[in-house]
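Taking it in order: structure first as structure tokens, then the write-up.
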Amino acid sequence: MRILEGLVLKALGQTYSVLLKSGDTITASLKGKMRTKNVSTTSPVVVGDQVTIVHSEPDYVIDEVKPRRNYIIRVSKKLSKQFQIIAANIDQVFILVTISQPKTHNTFVDRILTTAEAYQIKAQLIFNKVDLYNKEEKAELEERMEVYDSIGYDCMAVSLLNNKAVPELKKLCTGKTTLLCGMSGTGKSTFINQLVPGMNRKTGEISTAHLKGIHMTTFSEMIPLPGGGFIIDTPGIQEFGIADITKYELSQYFREMNYFRANCKFNSCMHINEPGCAVIKAVEEGEIALSRYESYLSMFHNEASEEKKY
């Protein structure tokens, strides 16, 4: 029997693809006691986990998951009482955004940004398909980029099909573990094909019936990059529900609100309808974007919890 250490690259139903420190990739199963270790999440082992493996010919069995330094988590769509950890131990999140074909709504972007803030993960917005936009869509692009740029998020406007942005994107990803998020059809597979020559990941068309992307990736997968580092591809997400963030802490994860919260009349102000709220005043005076505040209200009323659950 040997004790090995490895990095989880992909979940394969009841087994996992794991990169060992030796450089070999093996398929490992999960030790029985771990299957029910944490029933609040859909899986006790996720892509990006550092794990300890027991090897007893011919079997490789995951025995332990090492402490995670961070993760991206959301409410499971199929099991609303459970959380889904999308990936763990991440250096940065790239959110692919499209103004049309399909349209990525602000609330979708803001939910991912809020989760990244909660777990101290750097986030960057990649606005794709700029070559396809008409005059009105280009104006919306500029407006949305200005909102996020003004509160400190790096934004790029690209057309991933023309390769011009690829050198810069490769540089940003080299040596880091990057989680790629976006709705179906925003260009995640194209992004990976550009970063990893020969990958030839299948790209999908846009459904003309609903102008939404068609799912091409069915599971999260960690892909080694030629210059070092990893890119984590995720299934196209149509909805992203925040998980395990309380109503009392939610505003902390909106960067622009932190400039004004200290000036609220009441220390317990949650910026909904309280008198003397400096955040509401900032929204009314245009110092906080209305779209961001609307996202805050949506999360506060529909998803933020009264107490921590995970």
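The values are calculated or read from the model by the stated rules, or taken from the named source; none is laboratory data. Not measured: the values here are computed from a predicted model. Cβ sites come from the backbone with ideal geometry, for glycine too, and all protein chains shown count toward neighbours. Areas reflect the complete protein model, heavy atoms only, side chains present, ligands, DNA and RNA absent. Shrake-Rupley method; radii C 1.70, N 1.55, O 1.52, S 1.80 Å.
Key figures for this structure:
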{"item": "In region 183-213, residue most open to solvent (accessible area, probe 1.4 Å) [restricted to those that are at pLDDT 75 or above and at positive phi]", "result": "G198"}
{"item": "Of the criteria (1) within 11 Å of the chain's Cα centre (by Cα); (2) surrounded by fewer than 19 Cβ atoms within 10 Å (Cβ to Cβ), which one D91 fails", "result": "(1)"}
{"item": "Scope region 247-262; condition over 24 Å from D149 (Cβ atoms) and either of a type in the set (S, T, N, Q) or touching a Phe, Trp or Tyr at 6+ places or on another chain (Cβ under 9 Å) (or both); matching residues", "result": "K247"}
{"item": "Within region 253-265, considering residues that are part of a helix (DSSP H, G or I) and open to solvent by 80 Å² or more (accessible area, probe 1.4 Å), the one modelled with the highest pLDDT", "result": "N263"}
{"item": "Residue count, region 266-310 (criterion: assigned to a loop (DSSP other than H, G, I, E, B), under 22 Å from I151 (Cβ atoms) and either modelled with pLDDT under 95 or open to solvent by 50 Å² or more (accessible area, probe 1.4 Å) (or both))", "result": "5"}
{"item": "Listing of helices (runs of 4 or more DSSP H) fully contained in region 104-175 that carry 3 or more residues being modelled with pLDDT of 95 or more and surrounded by fewer than 19 Cβ atoms within 10 Å (Cβ to Cβ)", "result": "135-150"}
